Amino acid sequence: MSDGLSDDPAVPGDPTPSTYLPPEAAFPADLTELAATELHVLHSKVSRQLEQEYLTVPGGAHPLTLERCQEITVELDAREINAARSVRDALRPQSS
């Protein structure tokens with residue numbers, strides 16, 4: 001990008017591409033707008049951040065990191081449920 005910001009698809013505009021997502025880093029306002037790959041990348045970064053915080057911060061993980069992890073988990077679960085319903089509906093015999 002010409003503005004010097006990251007091309008990271010999970011966090012547009014993140015100035016520091018990393019495998020972690022610290023609490024002060026940008027986070028998408030609406031996870032439903034992310035593509036599956038973007039959501040999985042974001043999940044990986046937040047999970048790594050959570051692990052790092054548990055291992056290095058005496059008081060445990062930052063509340064914002066915990067909240068982000070929960071939000072991503074809810075979105076991933078919702079997508080999994082919707083995908084299973086779609087498959088089940090597609091396999092259901094059509095009545096004429």
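The values are calculated or read from the model by the stated rules, or taken from the named source; none is laboratory data. This one's a predicted model, so the numbers in the text were calculated from it and none came from an experiment. Every residue, glycine as well, gets a Cβ built from its backbone with ideal geometry; the counts of neighbours run over all protein chains shown. To get the accessible areas, we keep the full protein, side chains included, count just its heavy atoms, and leave off ligands, DNA and RNA. Shrake-Rupley method; radii C 1.70, N 1.55, O 1.52, S 1.80 Å.
Here are the numbers for this structure:
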{"item": "Most to least accessible of Arg79, Arg85, Arg68 (protein chains only, probe 1.4 Å)", "result": "Arg85, Arg79, Arg68"}
{"item": "1.4 Å probe accessible area per residue over region 45-96, in Å²", "result": "74 Å²"}
{"item": "Estimated inter-spin distance, Leu66 and Ile81, nm [label 7 Å along Cα→Cβ]", "result": "2.3 nm"}
{"item": "Solvent-accessible surface (1.4 angstrom probe) belonging to Tyr54, in square angstrom, nearest 10", "result": "130 Å²"}
